[in-house]
Amino acid sequence: MKKIVCFIGHRSICNNNIKLYLYKEIKKQIENGCKHFMVGTHGDFDNLVLYVLRELKKNYKDILIEVVITSLNQIKPKFYDLSKKATPYNDVKTVMFDIENLHYKRRIIASNKFMIDNSQILICYVDTKKTFGGAIIAFNYATKKGLHVVNLF
């Protein structure tokens, strides 16, 4: 069975070593046969994950990076310069789950749930002492589903 790794984390990062931890953990997953990675687009953790995945793709050409968007506005061209690609995701696959009928504030939680439902491994940056927020909701959901969870917090 093909393993898929997804990523969930807080908007802000307060750990200076998280980039190093991400490199090590993602490289470990690749060397264990994982080739498919899904990451969101909201916050410092997601941006750092995408950066690390792009760097690793230089040496591991066969990995698939899917960026999960929550709005088509994230990939549409800017009206003032149609000649250039407006998306920062032109080198990766973009995915949008069926969430367009949800209120925009619920879209991230729903997208996180879809990523977890379609993955076997969750690499996250979640303060488990928190009692509210999208990251802790996703962490608890993944734990209840029995995903293998690696928390880098």
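The values are calculated or read from the model by the stated rules, or taken from the named source; none is laboratory data. Not measured: the values here are computed from a predicted model. Neighbour counts run over all protein chains shown; Cβ positions are idealised from the backbone, glycine included. In case anyone asks, the SASA skips ligands and DNA or RNA and just uses the protein heavy atoms, side chains included. Shrake-Rupley method; radii C 1.70, N 1.55, O 1.52, S 1.80 Å.
Below, the figures for the structure above:
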read-out	value
Which numbered condition L50 misses (of (1) within 17 Å of D91 (Cβ to Cβ); (2) surrounded by fewer than 18 Cβ atoms within 10 Å (Cβ to Cβ); (3) out of contact with any helix residue (DSSP H, G or I) (no Cβ under 9 Å at 6 or more places or on another chain))	(2)
Segment 1-15, residues that are open to solvent by 20 Å² or more (accessible area, probe 1.4 Å), within 18 Å of D117 (Cβ to Cβ) and among the aliphatic types (A, V, I, L, M)	M1, I4
Residue that is most open to solvent (accessible area, probe 1.4 Å), among those in segment 16-38 that are under 12 Å from the mean Cα position of the chain (by Cα) and free of Cβ contacts under 8 Å to residues at least 60 places away in the same chain	H36
Looking only at segment 93-109, and only at residues there that are under 14 Å from G133 (Cα atoms) and surrounded by fewer than 16 Cβ atoms within 10 Å (Cβ to Cβ), the one that is modelled with the lowest pLDDT	K105
Test: residue in segment 127-146 that is open to solvent by 10 Å² or more (accessible area, probe 1.4 Å), in contact with a strand residue (DSSP E or B) (Cβ under 8 Å, 6 or more places away or on another chain), under 20 Å from C14 (Cβ atoms) and at pLDDT 95 or above	yes
